[in-house]
């Protein structure tokens, strides 16, 4: 028998860095760190990203934390603003993603009513929607992204909100 100092097996760690938007891996411990942002373990190759919470953007630059397999969402609001957060989409004008801080809203499309799109809506690059009367007596209309030709009196356009071209009973 002998008495002396024992060396502790170095702990691997994984932490989520607020400022850099990346996950860091290394050796050490999580002392003094939030348990949702840092995971310590002693096995080889155990410091995987799936062991820490992912960060999702919320409104006003805040962050919410979500388990690794859960989603972040980015929603186009009724007034063409952007709503962001953790979890499932609260509306049909919304997209989900699965990476750390993936829901920045930069590439979020606008939505207009359309006969061509899924769920009778279509994604648009600009917030402009139109509705055109094909045969108003038979309640036949065309809907989509974009604006009307100035000479087309049977067409109306809007850009005041998501799916703004849904109401064909009143001119926009």
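The values are calculated or read from the model by the stated rules, or taken from the named source; none is laboratory data. As the structure is a prediction and not an experimental result, all values here were calculated from the model. Virtual Cβ from ideal backbone geometry, glycine too; neighbours counted across all protein chains shown.
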Taking the condition within 28 Å of the chain's Cα centre (by Cα), within 30 Å of residue 61 (Cα to Cα), modelled with pLDDT under 90 and not assigned by TED's automatic domain parsing to the domain that holds residue 36, does residue 100 pass? yes
In region 12-41, what count of residues is obtained for those that are surrounded by 17 or more Cβ atoms within 10 Å (Cβ to Cβ) and modelled with pLDDT of 55 or more? 6
